[in-house]
Amino acid sequence: GVVRKGIDITFLKKALEMEPIDIIKEVKESGLRGRGGAYFPTGLKWESAYNQIEKERYLIINGDEGDAGAYIDKVLMEDNPYLVIEGALIAAYAIGAETIYIYIRKEYPIAYETMKKAVNEFKNKGIIGLKALKGRDINIILEKGKGSYVVGEETAMINAIMGLRGEPRARPPYPTEAGLFNKPTVVNNVETISNIPWIIENGGKTYYELGFNKSRGTKLISLNSLFNKPGLYEVEFGISLKEIVYGIGEGLKNNLPLKMLVIGGPLAGPVLPSELDNKLGVEELRNINAGLGHGNVIAFSNDTSPLDLLY
């Protein structure tokens with residue numbers, strides 16, 4: 001991935017030299033899918049909003065990851081806020097949005113303050129503001145989370161930003177047709193949008209060459225504290241679960257035997273030790289009744305009581 005230690009809009013400048021539809025074509029060619037759990041093709045979502053007759057459009061960056069063991073978006077916002085904002089500005093230019101909402105989980109106060117500081121730096125540099133985005137106005141509004149797990153779902157988040165009850169909407173219409181304030185709206189999570197600058201710099205085709213099957217590019221995964229080497233890692237789709245557990249994570253602490261993995265949150269089925277030869281991929285995990293979700297990998301040892309886990 002790309003690490004930004006300060007404002008560097010190299011990739012944004014390159015994007016502004018392109019036509020919006022050409023940016024969308026690159027994202028479609030990359031095979032990038034939303035990293036929030038649904039894994040809908042990002043380029044198709046952008047294209048849908050771009051093609052709407054209504055010219056007032058919105059972009060929402062979803063930083064409300066709430067699944068246990070998930071801290072990917074948190075780390076990105078705290079350690080790489082400039083990259084998140086650069087990706088958001090590229091996306092807004094591509095879909096024709098003048099307002100970006102960044103919705104940050106209530107339990108992430110450091111991420112909120114870090115993003116606030118970075119947004120103000122962009123404003124002070126004149127990169128955000130009146131006529132700042134190739135002659136177009138562009139504004140970023142930070143929205144503190146409401147403390148609701150359900151609001152992590154994109155239509156519930158739209159309602160929450162509007163001051164309505166934070167519950168999912170019936171679809172259709174889809175957000176790209178009638179979302180925030182009933183205007184075309186794209187919702188991308190923080191990790192998804194953080195891939196955009198790299199795609200602009202290296203091309204969609206190059207990104208597509210990473211990964212396998214329908215899961216292209218790389219994925220951030222977070223390993224819980226039971227691993228010998230817990231933490232956040234960027235891996236290429238197609239890596240085996242065994243390599244994640246015993247290669248990257250170096251097995252469990254105190255040589256405890258692995259009982260099961262839960263990947264992606266409580267709605268996903270467990271992955272048993274006999275299933276570790278499976279590859280990390282959206283469809284591949286679904287095929288064994290598991291899920292990828294945000295990419296949070298939680299290991300459980302034989303010391304874990306199923307009853308304790310349920311409670």
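The values are calculated or read from the model by the stated rules, or taken from the named source; none is laboratory data. Computed from a predicted model, the values in this text were never measured in an experiment. Don't worry about glycine lacking a Cβ; one is built from the backbone with ideal geometry, like all the others, and counts go over all protein chains shown. All accessible areas refer to the heavy atoms of the entire protein, side chains included, with ligands and DNA or RNA removed. Shrake-Rupley method; radii C 1.70, N 1.55, O 1.52, S 1.80 Å.
Here is the size of segment 88-229 from its Cα atoms: Rg then Dmax, 17.1, 51 Å. Carbon-plus-sulfur accessible fraction, segment 171-254 (probe radius 1.4 Å, protein heavy atoms only): 48%. Residue ranges 262-268, 85-91 sort as 85-91, 262-268 when ordered by packing (mean number of other C-beta atoms within 10 Å per residue, highest first). Any chance you could check the Cα centroid distance between segment 168-217 and segment 1-38 for me, in angstrom? Centre-to-centre distance over Cα atoms comes out at 10 Å. Once you reduce segment 43-69 and segment 103-139 to the center of their Cα atoms, the two points are 17 Å from each other. Listed peptides 187-195, 28-36, 232-240 appear in the order 187-195, 28-36, 232-240 once ranked by packing, highest mean of other Cβ atoms within 10 Å at the front. Using a Gaussian network model of the chain in which every pair of alpha carbons under 10 angstrom is joined by a spring, one finds that among ILE53, ILE244, ILE127 the greatest mean-square fluctuation is at ILE53. Put simply, the C-alpha atoms of segment 159-220 give a gyration tensor, and the ellipsoid matching it has half-axes of 31, 12, 12 Å, longest first. Taken over segment 1-58, the convex hull of the Cα atoms encloses 130 Å³ per residue. With helices as the sole contributors, the chain gives -9000 deg cm²/dmol at 222 nm; each DSSP H run of n ≥ 4 counts as -39500 (n - 2.57), and the sum is divided by every residue. Estimated at 0.36 nm per residue, the fully extended path between TYR149 and SER301 surpasses their Cα-Cα distance by 52.0 nm.
Taking Cβ atoms as reference points and 10 Å as the exclusive limit, the residues near ILE9 contribute a net charge of +2, counting Lys and Arg as +1 and Asp and Glu as -1.
Once C-alpha pairs closer than 8 Å and six or more residues apart are averaged by separation and normalised to the residue number of the chain, the relative contact order reads 21 percent.
A 1.4 Å probe run over the chain, with the rest of the protein chains in place, finds 44 Å² accessible per residue. Between the amide H of TYR101 and those of LEU59, ILE60, ILE61, ILE141, distances stay under 5 Å, these residues lying 5 or more places away or on another chain, with hydrogens modeled in the peptide plane. Put simply, segment 1-109 fits an ellipsoid with semi-axes of 23, 17, 14 Å; these come from the alpha carbon gyration tensor as the roots of five times its eigenvalues, largest first. When Rg and Dmax are taken over the Cα atoms of segment 195-311, they come to 15.0, 50 Å. With the chain treated as a Gaussian network of Cα nodes joined by springs under 10 Å, which of ARG57, ARG286, ARG105 yields the largest mean-square fluctuation? Of ARG57, ARG286, ARG105, the most mobile in the Gaussian network model is ARG286.
The residues packed around GLU56, meaning those with a beta-carbon under 15 Å from its beta-carbon, carry a net charge of 0 if Lys and Arg are +1 and Asp and Glu are -1. Pairs LYS14/LYS45; LYS106/LYS214; LYS14/LYS125; LYS25/LYS279: which exceed 24 Å Cα-Cα? Those over the limit are LYS106/LYS214; LYS25/LYS279. Applied to segment 270-287, the Karplus parametrisation 6.51 cos²θ - 1.76 cosθ + 1.60 on θ = phi - 60° returns per-residue 3J(HN,Hα) values of x, 9, 8, x, 6, 10, 6, 6, 5, 8, 6, x, 4, 5, 5, 6, 4, 5 Hz, with x for Gly and Pro. Taking every full run of DSSP H in the chain, the ones that stretch at least 18 Å from end to end by Cα along their long axis and average -1.0 or higher on the Kyte-Doolittle scale are 81-95, 109-124.
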